[in-house]
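**Student:** Here's a structure for you.
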Amino acid sequence: MAFDTVVVIGGGPGGLRAARGIAELGSPVVLLEQDERLGGTPIRENYAGLTPHATPAEPLMNEMAEAVTSNPNADVRLGTRPTALSGEPGAFTLTVAGPDGESQVECGAIVVATGFQHFDPGRETQMYGYYEFDDVIALQDLEAMLKVHEVVRPSNGEPPKQICFVQCVGSRDRHIGNEYCSKVCCGVASKEAIEVRQMLPDCKVFIFYIDMRMYGYWENEIYWTAQEKHHVQYVKGVITEVLPKGDGLIVRGEDTTMGRPMELPMDMVVLSVGMEPSAGTRDAARVLGIRPNRFGFVDAVKAPLDPVATSKEGIYACGAALGPADLEDTVSSAANAAMHAVGVVRGQSRAGAGGRQPGGPGVPGPGAGRRPARGARGDRRGGRAQVAADAGDRR
């Protein structure tokens, strides 16, 4: 396999978009996915609908996967992950482990699209009881219920009459080290709240929030729609503990608008968990030798104007591998990373055709980009003109 190939690590929305773009531009692409199915988190976690429009997730992921697997320029390898890297930009050798053992892939560039994992609410410092009470669930658990059109209390199989969402679980929390906002939780909770109200019109739905951070157009698409059309009740406050009471739950906290304690009975509590770097993201950073940021995501070293570049030339990252991102940001950055990667391998091909330059394939050698030394024409201009030209060269 030639070094004109690009390797994409991760077969979720970002990886599929990057691989499709590379293949459609005519470059060979090898897509590595550690699971046995493409689609990433939306498939693995049984998402019902994608935020903001609640479009069914599985058909869209299948469509994205088909666009890659049907392209003759794409080589999809499931159950496969990278284990070692050698070489230089434009001439990498990536060792991968798959169902048939280890093999090597020669490639000119790499795109990391390894995504995120949901925060484990058992690590939260607040007393939410995720592992203690059956009726305390997380956003992804409710997504799975919505997908099969069966929102019921895990404890008894009955539809809830009163349900609440608790925002910022695992985000904006200095005590656990996740000081960042996960961007999408407010929108996802509002989307799910609308779906619950549509499925269970008699169920009262509350969202307890520090402050609602609706992303871009989500303010009108989800937030106001949830309140005005579907009568979701937003309460500005902090929930500090969830306790059992009879066959239900009690949520306790502070209503920060009124400045007083609050205690409400609930049938179900949904924890709006944030994003953390996935194990695949941490592994990719280690194997490829690219720098993570202090939260464990891939460090975007040239942000904001080149947000997909990593600390190693020829390796790019996209989507939630770089930090919290919604799907629109994910596929946009994936297309950006694909463009950069194809540029590297094509630059390497041109450099190879014209003779290898110092600094590696496709990498400018010493003196590249400088203006050529002036000859007789510069001499005829006289001393001052030559001095001015030299000064310009030094600048």
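The values are calculated or read from the model by the stated rules, or taken from the named source; none is laboratory data. As the structure is a computational prediction, the values presented were derived from the model and not from experiment. Every residue, glycine as well, gets a Cβ built from its backbone with ideal geometry; the counts of neighbours run over all protein chains shown.
**Student:** Could you please give the count of residues in region 180-202 that are out of contact with any helix residue (DSSP H, G or I) (no Cβ under 6 Å at 6 or more places or on another chain) and touching a residue at least 24 places away in the same chain (Cβ under 8 Å)?
**Tutor:** Going through region 180-202, the residues out of contact with any helix residue (DSSP H, G or I) (no Cβ under 6 Å at 6 or more places or on another chain) turn out to be 180-186, 189, 196-202.
Among the residues that remain, those that are also touching a residue at least 24 places away in the same chain (Cβ under 8 Å) are: 180-186, 189, 196-200, 202.
Of the residues in that region, 14 qualify.
**Student:** Continuing with this model, one more query. In region 266-283, how many residues are in contact with a helix residue (DSSP H, G or I) (Cβ under 9 Å, 6 or more places away or on another chain) and of a type outside the set (Val, Ile, Thr)? So that I can check it myself, show each step before the final result.
**Tutor:** Initial filter on region 266-283 (in contact with a helix residue (DSSP H, G or I) (Cβ under 9 Å, 6 or more places away or on another chain)): 268, 270-275, 277-278, 280-281.
In the following step, the residues that additionally are of a type outside the set (Val, Ile, Thr) were identified as 268, 271-272, 274-275, 277-278, 280.
Qualifying residue count, region 266-283: 8.
**Student:** Working only within region 4-47, note down all residues that are in a helix (DSSP H, G or I), farther than 12 Å from residue 334 by Cβ and among the hydrophobic types (A, V, I, L, M, F, W, C). Reasoning before the result, please.
**Tutor:** As a first pass, look at region 4-47 and keep what is in a helix (DSSP H, G or I): 13-24, 41-44.
Restricting the remaining residues to those that are farther than 12 Å from residue 334 by Cβ gives 23-24, 41-44.
Those that are in a helix (DSSP H, G or I), farther than 12 Å from residue 334 by Cβ and among the hydrophobic types (A, V, I, L, M, F, W, C): 23, 43.
**Student:** Please give the number of the condition residue 269 fails out of (1) surrounded by fewer than 23 Cβ atoms within 10 Å (Cβ to Cβ); (2) assigned to a strand (DSSP E or B).
**Tutor:** Going through (1) surrounded by fewer than 23 Cβ atoms within 10 Å (Cβ to Cβ); (2) assigned to a strand (DSSP E or B) one by one, residue 269 breaks only (1).
**Student:** Given the condition of a type in the set (Val, Ile, Thr), in a loop (DSSP other than H, G, I, E, B) and over 19 Å from residue 234 (Cα atoms), answer yes or no: does some residue in region 183-190 qualify?
**Tutor:** First, the residues of region 183-190 that are of a type in the set (Val, Ile, Thr): 184, 188.
With the extra rule that they be in a loop (DSSP other than H, G, I, E, B), the set shrinks to 184.
With the extra rule that they be over 19 Å from residue 234 (Cα atoms), the set shrinks to none.
Within region 183-190 (the criterion being of a type in the set (Val, Ile, Thr), in a loop (DSSP other than H, G, I, E, B) and over 19 Å from residue 234 (Cα atoms)), the answer is no, since none of the residues qualifies.
**Student:** So how many residues does region 59-90 have that are surrounded by 19 or more Cβ atoms within 10 Å (Cβ to Cβ), small (Gly, Ala, Ser) and over 24 Å from residue 13 (Cβ atoms)?
**Tutor:** Summing the residues that are surrounded by 19 or more Cβ atoms within 10 Å (Cβ to Cβ), small (Gly, Ala, Ser) and over 24 Å from residue 13 (Cβ atoms) in region 59-90 gives 1.
**Student:** Which of the following residues is more than 29 Å from residue 314 (Cβ to Cβ) and over 19 Å from the mean Cα position of the chain (by Cα): 59, 72?
**Tutor:** Numbers: 72 fails: more than 29 Å from residue 314 (Cβ to Cβ).
Going through 59, 72 in turn, the sole match is 59.
**Student:** Select from region 21-57 the residues that are surrounded by 16 or more Cβ atoms within 10 Å (Cβ to Cβ), farther than 20 Å from residue 341 by Cα and of a type outside the set (A, V, I, L, M, F, W, C) and list them in ascending order.
**Tutor:** Answer for region 21-57, where residues must be surrounded by 16 or more Cβ atoms within 10 Å (Cβ to Cβ), farther than 20 Å from residue 341 by Cα and of a type outside the set (A, V, I, L, M, F, W, C): 34, 35, 39, 40, 41, 42, 45, 46, 47, 49, 51, 52.
**Student:** Could you please tell me which pairs satisfy a Cβ distance under 7 Å, a separation of 6+ or placement on different chains, a first residue in region 206-220 that is more than 14 Å from residue 53 (Cα to Cα) and buried (at least 18 other Cβ atoms within 10 Å of the Cβ), and a second residue that is charged (D, E, K, R) and at pLDDT 90 or above?
**Tutor:** 209/236
**Student:** If you go through region 228-244, how many residues are under 27 Å from residue 121 (Cβ atoms) and either out of contact with any helix residue (DSSP H, G or I) (no Cβ under 9 Å at 6 or more places or on another chain) or aliphatic (A, V, I, L, M) (or both)?
**Tutor:** Qualifying residue count for the region: 11.
**Student:** Quick one: residue 158 ticks every box in (1) more than 27 Å from the chain's Cα centre (by Cα); (2) of a type in the set (Asp, Glu); (3) assigned to a strand (DSSP E or B) except a single one, so which number is it?
**Tutor:** Exception for residue 158: condition (3).
**Student:** Given (1) within 19 Å of residue 318 (Cβ to Cβ); (2) assigned to a loop (DSSP other than H, G, I, E, B), where does residue 52 come up short, assuming only one miss?
**Tutor:** Result: residue 52 passes all but (1).
Residue-wise test of (1) buried (at least 16 other Cβ atoms within 10 Å of the Cβ); (2) at pLDDT 95 or above; (3) within 24 Å of residue 280 (Cβ to Cβ).
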{"site": "115", "(1), (2), (3)": "yes, yes, yes"}
{"site": "122", "(1), (2), (3)": "no, no, yes"}
{"site": "138", "(1), (2), (3)": "yes, yes, yes"}
{"site": "142", "(1), (2), (3)": "yes, yes, no"}
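**Student:** Which one of the conditions (1) without any contact (Cβ under 8 Å) to a residue 40 or more places away in the chain; (2) out of contact with any Pro (no Cβ under 9 Å at 6 or more places or on another chain); (3) of a type in the set (Gly, Ala, Ser) does residue 39 fail to meet, given that it meets all the rest?
**Tutor:** So the condition that residue 39 fails would be (2).
**Student:** Taking region 144-161, which residues are surrounded by 18 or more Cβ atoms within 10 Å (Cβ to Cβ) and touching a Pro at 6+ places or on another chain (Cβ under 7 Å)? Before the answer, list the steps.
**Tutor:** To start, the set of residues in region 144-161 that are surrounded by 18 or more Cβ atoms within 10 Å (Cβ to Cβ) comprises 145-146, 151, 153, 160.
Correct list: 151, 153.
**Student:** Right, next: Mind checking which pairs have a first residue in region 274-286 that is under 16 Å from residue 40 (Cβ atoms) and of a type in the set (Val, Ile, Thr) and a second that is in a helix (DSSP H, G or I) and modelled with pLDDT of 95 or more, Cβ under 6 Å, 6 or more apart or different chains?
**Tutor:** 281/321
**Student:** Please name all residue pairs, on different chains or six or more residues apart, with Cβ atoms under 7 Å, provided the first residue is in region 49-75 and is more than 17 Å from residue 331 (Cα to Cα) and in contact (Cβ under 8 Å) with a residue 40 or more places away in the chain and the second residue is among the β-branched types (Val, Ile, Thr) and part of a loop (DSSP other than H, G, I, E, B).
**Tutor:** Within 7 Å, no pair qualifies.
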